[in-house]
Every structure is written in C-alpha cells, then in structure tokens.
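Take a look at the structure set out below.
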Protein chains: 2
Amino acid sequence: MSVPPLCEAFVLHFGEMGSRWGINRTVGQIYAVLFIAERPLCADDIVDRLNISRSNVSMGLKELQSWNLLRQRSVPGDRREFFHTPDDIYAIVRTLVDERKKREIDPTLSVLRELLMRSPESESERHAQGRMREMHDLIELLTGWYAEVQKLETERLIQLLSLGSRIVKVLDMKDRLFALPGGKRNAQPEKGT
Amino acid sequence: MSVPPLCEAFVLHFGEMGSRWGINRTVGQIYAVLFIAERPLCADDIVDRLNISRSNVSMGLKELQSWNLLRQRSVPGDRREFFHTPDDIYAIVRTLVDERKKREIDPTLSVLRELLMRSPESESERHAQGRMREMHDLIELLTGWYAEVQKLETERLIQLLSLGSRIVKVLDMKDRLFALPGGKRNAQPEKGT
DNA sequence: CTGAATTTTCAGACATTTCTGAAAATACAA
DNA sequence: TTGTATTTTCAGAAATGTCTGAAAATTCAG
C-alpha cells in the first residue's frame, strides 16, 4: 500500500471493519482512500494506493455507488472518471443510515406486514404472530421517528443531538405548560404539576 | 423444517436476512425460532425444528450468547439448558444496538482517537487528519446522544419517539421561553432551576 | 467412583465470497 | 471509420466462512 503511514492505518482499519459493516475489505479500503483524499481520484489512483487489481477496483466502485456513497466528476479533456465522497459528513451518515435501513430493515418490515395479515391456524401460530406484531410495531415506531428526524436540517439535528437526555427536561416543561388547571394551552409556566 | 407455515416463513426470512445483519443464516434462524417460541427451548428442540446438526445449534447458541441475546433457564431434574429471548422487545433492541455499537463503532472511535494524536508529516496527512477529526466528532456526537437516550426508561423513550419531528416545536418553544427580552434565563418555569 | 445424558470442540467436507487476469465492451479523438 | 484509452465483465483461482459427524469433555445421578 503506497499511502503515508497515518493514512495507511486509517485505510487498513476500514478494511478490517468492512466485514463487520457488511461490505468487504477492499470496498472498505476504497472508501477510506476516497474519504481522506485531497482531490477526486480515478480508478488507477486507487489501484496505485491499494495495490489491488484494476477489476477489483471497478467492482468496488460499483458497490459503493450502489450505496449512493460516491460522487463523480469528469475532467474536460480527460477520459477518466474521478470519484470522491461528499464533503458534508452529516450527509454521508444520512445516506449510510438510509441505505442500511433499506437493506436491513425494510425487507423485514414488509415480511412482517404480510405475515400479520394471515390467519393463525393453531395456538402456536397465534402466539408467534403476537411476537411478530410486537416486533413490527416497534420497528414502525423507530423507523417512523427516523423518517421524521431525517427531515430536519443539520443545524436542528445537531441541536437535538447536543441536548441528549436533557431532552426529557424539555418534554417535562412542555407537559407542564399544557397540563395547567383551567383548560389546555395556557402558557403560564408557574402554576401546574 | 418442522414448524407451522407462518412460523416457517418468519424463520426463513430471518435466515435470509442473517447475512445482511452480520450473522449467518443458521444463527438467524435459531434466534427466530426462540423469539416466537411459546416456551424456552433446549438445543434438541431447535435441532428438530430446523433440521440442522446438533453441533451447529451448539455453535449458534454460543454466538447468540456472545451477543447477549439469550436468557437461559434450567429445569430442576432435567440436565438440559433451556433458552429463550427476553419478553421485553424494547430490551432486546437496546441490547442489539449496544452490541452493534460495541462491535461496529467503538473500535473505529478508538482508532480515530489514536490517529488524531499523531503529528501529520505531510500536507496530505494533515488533510486526512482533518477528515478523520470530522468523522470522529460526528461519531462522538451520535454515540454520546445514544448513551444519554439509553438511560431513559422505556416509557420516556416511547414518548420521545412518538413525538418525531414535532420535537422541533418543543425546542422552539424552549428557545422562546429562554430568549425573552429583559435578559436571559428569565422566563423559566421554576425559579431556582 | 461408574455410566448415561448432554454439550462442546474440531478436522475436514462443502459452500460462498472475493479477487485476478484476460477478454469484451465502451467511449471518444482524429 | 480506425486506433487508443478506459471501464466492465466474467471464468476460474484463492480465500474465507459454514456445517457436519465423530470424538472429547462435562455434568450429574446413583
């Protein structure tokens, strides 16, 4: 591998983690190289940096593209394609989570929906269906929340994230505001509880 | 496979999804069987239901235990161990997310921390380190938020999740309360914080 | 202790995934 | 069009992962 030591450590780590992330070593390394590159890279740049075959790079790039993780740029007068990752790391994470949800959660949700439509034909099927419903409802709650949060601008998201569990205090405050004696929606803070 | 049709469909799906979830087919199926079972099962019960070898079940159970996904119960006068999944599906998801974080995120965070301590020895290393810092800071923000939320009781968590993006309205309200004319921190509900 | 019931380990068979080089396809300048 | 640069495809080699049966280990009643 022909990259500076610091970069090499990063790239190797991404390669090793690849398998845990459901992509393979090479794909992880290609992504890492692109992520830290100072400029968009063409396929041969990646071959040089990682010492892997050209065809492997081609397949790896295809894979990353199927995850919507790459942008490409073509230089006038140059026939090659240059690849880079988005600058905005928040956007990257949004994409990543979206894609994982699409591959790892949505199919299950749709199978569960289908199975919940069927009529159980025994006590054990009835029980199983109960468990499936619990799973279904929780996944819906989580993905519904995610869909909502996904709509927020980065600014708002950071605000929310920074709040952490202190969000509970805000929720409490809201509850108190809305739960005053003498009717709802009376914004006098002090009285209630 | 000797389970009712509805259960079979569920189990087969979990098997197929297994590879996307970073576990193998058999382990996915074993989990599925335990998840929908009406009572704790012993290893041989699983062999019967899935038609796989006893040793495979043994390894699969070990794997699931390493994920903290199983509870076991021993019946007096019976030498066998019986396995089951927790009843509380929220607890299951908490465990799942914890374990995935531990395996998929924490190692990266620690590598990033280490790499950010090093001194860059070239312009390209400096740039790479900048990207690593962005990644590091975002992961810290996300995992920090997660750690906070993990502390909430299920009740609170559901409240928060149900709110979805309407949380923003609550945040706005909070901002307005704290940003009234006449100095900061004046419109708080209770005086002493 | 012995011996039966049960679980675990592990070498090798089998299956799947990843990687390569060579060939085919594509894109485009001249 | 031809020729060259570049990308993609794909068959098979290499590597990795999964599964099984047999043997070893463990557990516990008697």
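The values are calculated or read from the model by the stated rules, or taken from the named source; none is laboratory data. Bear in mind that the values here come from a model prediction, so they are computed numbers and not experimental data. Cβ placement follows ideal geometry from the backbone for every residue including glycine, while neighbour counts extend to all protein chains displayed. For accessibility, only protein heavy atoms count, side chains too; no ligands or nucleic acids. Shrake-Rupley method; radii C 1.70, N 1.55, O 1.52, S 1.80 Å.
Taken over the range B:18-41, the criterion of being of a type in the set (Gly, Ala, Ser) and at the interface with chain A (Cβ under 10 Å from one of its Cβ atoms) is satisfied by B:19, B:22, B:32, B:37.
Restricting the range B:50-84 to residues that are closer than 17 Å to residue B:15 by Cα and among the hydroxyl-bearing types (Ser, Thr, Tyr) leaves a set whose member that is surrounded by the most Cβ atoms within 10 Å (Cβ to Cβ) is B:58. Of the residues making up the range A:10-22, just one is more than 12 Å from DNA strand C (Cβ to nearest atom) and open to solvent by 30 Å² or more (accessible area, probe 1.4 Å), namely A:12. Taken over the range B:42-61, the criterion of being under 22 Å from residue B:4 (Cβ atoms) and near DNA strand C (Cβ under 6 Å from one of its atoms) is satisfied by B:42, B:43, B:44. Only one entry of A:45, A:106 meets the criterion of being within 14 Å of chain B (Cβ to nearest Cβ), surrounded by fewer than 16 Cβ atoms within 10 Å (Cβ to Cβ) and out of contact with any Cys (no Cβ under 6 Å at 6 or more places or on another chain), and that entry is A:106. Is it true that some residue in the range A:128-144 is part of a helix (DSSP H, G or I), more than 7 Å from every other protein chain (Cβ to nearest Cβ) and within 23 Å of residue B:174 (Cα to Cα)? Scanning the range A:128-144 turns up no residue that is part of a helix (DSSP H, G or I), more than 7 Å from every other protein chain (Cβ to nearest Cβ) and within 23 Å of residue B:174 (Cα to Cα). Restricting to the range A:142-165, name every residue that is closer than 19 Å to residue B:152 by Cβ and open to solvent by 40 Å² or more (accessible area, probe 1.4 Å). If the condition is that a residue be closer than 19 Å to residue B:152 by Cβ and open to solvent by 40 Å² or more (accessible area, probe 1.4 Å), then A:142, A:145, A:146, A:148, A:159, A:162 are the ones that fit. For the range B:62-75, the criterion of being more than 15 Å from DNA strand C (Cβ to nearest atom), assigned to a helix (DSSP H, G or I) and more than 26 Å from residue A:137 (Cα to Cα) is satisfied by no residue at all.
Any residue in the range A:23-34 that is aliphatic (A, V, I, L, M), surrounded by 15 or more Cβ atoms within 10 Å (Cβ to Cβ), in a helix (DSSP H, G or I) and within 12 Å of DNA strand C (Cβ to nearest atom)? Lay out the reasoning, then the answer.
Quick first cut of the range A:23-34, residues aliphatic (A, V, I, L, M) only: A:23, A:27, A:30, A:32-34.
Now narrow it down to the ones that are surrounded by 15 or more Cβ atoms within 10 Å (Cβ to Cβ): A:23, A:27, A:30, A:32-34.
Filter again for in a helix (DSSP H, G or I), leaving A:27, A:30, A:32-34.
Now narrow it down to the ones that are within 12 Å of DNA strand C (Cβ to nearest atom): A:27, A:30.
Looking for residues that are aliphatic (A, V, I, L, M), surrounded by 15 or more Cβ atoms within 10 Å (Cβ to Cβ), in a helix (DSSP H, G or I) and within 12 Å of DNA strand C (Cβ to nearest atom), one finds at least one in the range A:23-34, hence yes.
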